Amino acid sequence: MELLPRSPGEFGSARYWDRFFRQRGQRPFEWYGAFPELCPVLHKYVRPRDKVLVVGCGNSELSEQMYDVGMCEDIVNIDISDAVIRQMQERSGSMRPKMSYLLMDMLHMDFPDAHFQVVLDKGTLDALLTDEEEATIAKVDQMFAEISRVLQVGGRYLCVSLAQAHVLKKAVEYFSQEGWVVRVHQVASSGDKQQFVLPVFVYVMTKFRKIPGSAPQILEICPEEQDKPMRMESAEQLVAAVKDRQHYALLCSQISKTPCREQVSLDLCDKQSGKPRYTLHVVDSPLVKPSRDNHFAIFIIPQGRETEWLFGTEEGRRQLAASAGFVRLLTVALHREQHYESMAGIQAELSGKVMELAPPGVPARQQVPFLSVGGDIGVRTVRHCDTSPLSGEYVVEDVKGDGSCYFRRLVFLRNRNVVQSEARLLAPTPLQGQKKRRKEKKKPSPTEPLGAIDKSYLCCEHHKAMVAGLCLLGGPDALPGELAVLVVGLGGGSLPLFVHDYFSQARVAVVEIDPSMLEVATHWFGFSQGDRMQVHISDGLDYVAKLAAEAPAQYDAIMFDVDSKDLTVGMSCPPPAFVEKPFLQKVKSILKPEGVFVLNLVCRDAQLKESVLATLRDVFPLLYARRIEGEVNEILFCQPSPESRRDPAELGVHARALEGALRQPGRPWDSSYVLADMLQAVHIL
């Protein structure tokens, strides 16, 4: 039976609705959900003594159910369809004597002004506002004007809607400009899920006398999981908030029916602040055979470990899901701005929400396991946060790694999933522990450094590879004599510190554009300057150009570890200007003939990367590359003379000799750091 109109305009036609209800018969037609779902919202705004007008009532049972449960009895229902009004009068007249059904056009109502405390509209506005044509907008304006006229001051217009953007925007703008308070509620369920995937909303417009001048608009939204409204700054922000919830509902509907071909990512926000609290990734493993207990699991990533390859990359999460053995694994990352009490608290907070992301085939009421590393939520302590004019917002934080080790990290919040610098913290000595126990038990101040920096440990694999590149320097001795090293990009200072401390005759010049980073490195990462270590606050491009103009061929090694501030480019390290041919020629000019230029390249754009490599080959006759496993980083070793070329066997011998020379008695050395292993994967481009 065809019940839909031939064109959207017929939704405003009495003739269409007469035909619709005659064909449908006595079966109630519920626009957007039934009474049990709407009841919690209606109870907030409809009082037993209110006089209620229902516009476009149709043959919905909503009015009857409101009457029967005692919510309200003085209800007037109007509709433009004579057929449905007669049907409803017959169905309800004798049973509900205080409720009436009238044949009336809501655009031209016969009621006196200020006659009702509540006007209720369930889908009528959506049916009328099918497009944004001038004639349609004129009808909607007339509808709103009539509703405003028959409502008392303090009265409520309750509009049940699917909240299409143009419908919501029109209602919000119209009534907020009239000085009304506008609040949007998300209904807990959308009723017939086969018919409506999108969530249902109730706009609550409360009438106030219009104040002359520009009174502030009051716009609020109440998500389904909370009663406390969230204030919105503008109609656009309110529409965007509703759209986010609609997209989430569509996503839940889609992934509840079919497996995800690609990983899905979304944020769950804090109820009070609206800021992200959890970041979720939905990872499906098509090769895992479903069984009774392996449909779905939640994996809580310990605080501070979300940047690790296993948790922070698609391939890592794919391996994690496969090893966990579940059809769908939902990984949950915790945000540094949020506070978390315990694993049990997180489970209680997430249990209801994450089930909306369950895969098809999950048995009803099945208990879903929560997994983690070591069963805890990890440790993250923010030690310092500030804003740099050049680098933006940043934080220094201490996190617990795998096992008992703690690490200090520098993170730029514009790219919060990338650790800019990292250093391992030394465990307190027994004497320090005794002193600590004697003192009053209290939490350490986040403004004070906690634990010394282990300067012998390079946390970053790309830093280990960059230092190993010094094996390419010529000379018969295992340990080079006096070395002149230029490092562009300070960060936390781990790279230049290691070169300074382990190459005892090296003179290290560091160029850093951001003075804030020098303060951070000095106060939080154990960096210090001296006779053999000097920092120059300057743009690396300008500094190299100045050196090239003054005194060429000065340095044995030049190292670039510079991040790009422009996230729109497919290369996050270095900035594109650092790999342009004229600048690279200047770099070559200040490098000694047997020297080495070491570049940390992080480029996700394959075409751009090939262009960079071609430019480097044009400038430097000898080019080696070393991929960092599990990361995008690739370390490039560039030499100005083809005579410097070494075969792998010779390079391995020199690396072992150099490492032996660096391992001095009484000087700590990370046993996992083997120079020869670092160079084993090096290949010539």
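Would you mind finding the one in P515, P444 that is open to solvent by 40 Å² or more (accessible area, probe 1.4 Å) and modelled with pLDDT of 90 or more?
Just a single option satisfies the conditions, and that option is P515.
The rows are residues; the columns are (1) of a type in the set (D, E); (2) in a helix (DSSP H, G or I); (3) within 17 Å of V187 (Cβ to Cβ).
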{"site": "L120", "(1), (2), (3)": "no, no, yes"}
{"site": "D126", "(1), (2), (3)": "yes, yes, yes"}
{"site": "T130", "(1), (2), (3)": "no, no, no"}
{"site": "Q142", "(1), (2), (3)": "no, yes, no"}
{"site": "R149", "(1), (2), (3)": "no, yes, no"}
{"site": "Q152", "(1), (2), (3)": "no, no, no"}
{"site": "Y157", "(1), (2), (3)": "no, no, yes"}
{"site": "V167", "(1), (2), (3)": "no, yes, yes"}
{"site": "A171", "(1), (2), (3)": "no, yes, yes"}
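Does any residue in segment 377-401 that is at positive phi come within less than 7 Å, Cβ to Cβ, of a residue that is surrounded by 15 or more Cβ atoms within 10 Å (Cβ to Cβ) and of a type in the set (K, R) six or more places away or on a different chain, and which pairs are these?
Pairs that qualify, where the first residue is at positive phi and the partner is surrounded by 15 or more Cβ atoms within 10 Å (Cβ to Cβ) and of a type in the set (K, R), are G378/R305; G378/K400.
Within the group V140, V160, V150, V167, which residue is among the β-branched types (V, I, T), open to solvent by less than 20 Å² (accessible area, probe 1.4 Å) and either touching a His at 6+ places or on another chain (Cβ under 8 Å) or not assigned by the TED database to the domain that holds F35 (or both)?
The match here is V150.
Could you please give the count of residues in segment 499-533 that are out of contact with any His (no Cβ under 7 Å at 6 or more places or on another chain), not hydroxyl-bearing (S, T, Y) and not in a strand (DSSP E or B)?
19
Looking only at strands (runs of 3 or more DSSP E) that lie completely in segment 575-642, which have at least 3 residues being at pLDDT 90 or above and of a type in the set (A, V, I, L, M)?
The strands (runs of 3 or more DSSP E) meeting that bar are 591-603.
When the residues of segment 471-496 are narrowed to those that are surrounded by fewer than 24 Cβ atoms within 10 Å (Cβ to Cβ) and not small (G, A, S), which ends up modelled with the lowest pLDDT?
If we take residues in segment 471-496 being surrounded by fewer than 24 Cβ atoms within 10 Å (Cβ to Cβ) and not small (G, A, S), then P476 is modelled with the lowest pLDDT.
Answer with yes or no whether V354 is more than 26 Å from A452 (Cβ to Cβ), part of a loop (DSSP other than H, G, I, E, B) and not assigned by the TED database to the domain that holds A521.
For V354, the condition - more than 26 Å from A452 (Cβ to Cβ), part of a loop (DSSP other than H, G, I, E, B) and not assigned by the TED database to the domain that holds A521 - is not met.
Can you tell me which residue in segment 263-297 is farthest from Q246 (Cα to Cα), limited to those that are exposed (fewer than 12 other Cβ atoms within 10 Å of the Cβ) and touching a strand residue (DSSP E or B) at 6+ places or on another chain (Cβ under 9 Å)?
The residue in question is Q272.
Every residue, every condition in (1) of a type outside the set (D, E, K, R); (2) crowded, with 18+ Cβ neighbours inside 10 Å; (3) under 27 Å from C260 (Cβ atoms), yes or no:
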position	(1), (2), (3)
A321	yes, yes, yes
A348	yes, no, yes
K353	no, no, yes
D386	no, no, no
Y394	yes, yes, no
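All but one of (1) part of a helix (DSSP H, G or I); (2) surrounded by fewer than 16 Cβ atoms within 10 Å (Cβ to Cβ); (3) in contact with a helix residue (DSSP H, G or I) (Cβ under 6 Å, 6 or more places away or on another chain) hold for D542, so report the exception by its number.
Condition not satisfied by D542: (3).
For segment 413-425, name all the residues that are buried (at least 18 other Cβ atoms within 10 Å of the Cβ) and either in a helix (DSSP H, G or I) or not polar (S, T, N, Q) (or both).
Of everything in segment 413-425, those that are buried (at least 18 other Cβ atoms within 10 Å of the Cβ) and either in a helix (DSSP H, G or I) or not polar (S, T, N, Q) (or both) turn out to be R416, V419, E422, A423, R424, L425.
Check D386, D376, D402 and return the single one that is in contact with a helix residue (DSSP H, G or I) (Cβ under 9 Å, 6 or more places away or on another chain) and at pLDDT below 80.
From the options D386, D376, D402, the qualifying one is D376.
Check segment 386-402 and report whether any residue there is assigned to a helix (DSSP H, G or I) and under 22 Å from the mean Cα position of the chain (by Cα).
Within segment 386-402, none of the residues are assigned to a helix (DSSP H, G or I) and under 22 Å from the mean Cα position of the chain (by Cα).
Does at least one position in segment 324-344 carry a residue that is over 25 Å from V288 (Cα atoms) and part of a helix (DSSP H, G or I)?
Checking segment 324-344: at least one residue is over 25 Å from V288 (Cα atoms) and part of a helix (DSSP H, G or I).
Go through segment 65-81 and report how many residues are surrounded by fewer than 16 Cβ atoms within 10 Å (Cβ to Cβ) and in contact with a helix residue (DSSP H, G or I) (Cβ under 6 Å, 6 or more places away or on another chain).
Summing the residues that are surrounded by fewer than 16 Cβ atoms within 10 Å (Cβ to Cβ) and in contact with a helix residue (DSSP H, G or I) (Cβ under 6 Å, 6 or more places away or on another chain) in segment 65-81 gives 0.
Only residues that are closer than 30 Å to S404 by Cα and surrounded by 15 or more Cβ atoms within 10 Å (Cβ to Cβ): list them for segment 324-336, please.
A324, F326, L329, L330, T331, V332, A333, L334, H335, R336
Mind telling me which of the residues I635, I684 ends up being in contact (Cβ under 8 Å) with a residue 24 or more places away in the chain, in contact with a strand residue (DSSP E or B) (Cβ under 6 Å, 6 or more places away or on another chain), surrounded by fewer than 13 Cβ atoms within 10 Å (Cβ to Cβ) and among the hydrophobic types (A, V, I, L, M, F, W, C)?
It is I684.
Just one of the numbered conditions (1) under 30 Å from M232 (Cα atoms); (2) assigned to a loop (DSSP other than H, G, I, E, B); (3) open to solvent by less than 20 Å² (accessible area, probe 1.4 Å) is not true of P359; which one?
Unmet for P359, out of (1) under 30 Å from M232 (Cα atoms); (2) assigned to a loop (DSSP other than H, G, I, E, B); (3) open to solvent by less than 20 Å² (accessible area, probe 1.4 Å): (1).
Give the residue, chosen from G179, G123, G155, G191, that is at pLDDT 95 or above and either open to solvent by less than 40 Å² (accessible area, probe 1.4 Å) or charged (D, E, K, R) (or both).
G155
The values are calculated or read from the model by the stated rules, or taken from the named source; none is laboratory data. Computed from a prediction, not measured in an experiment: that's the story for all the values here. Neighbour counts are summed over all protein chains in view; Cβ atoms, including those assigned to glycine, are modelled from backbone coordinates with ideal geometry. Heavy atoms of the whole protein, side chains included, go into the accessibility calculation; ligands, DNA and RNA do not. Shrake-Rupley method; radii C 1.70, N 1.55, O 1.52, S 1.80 Å.
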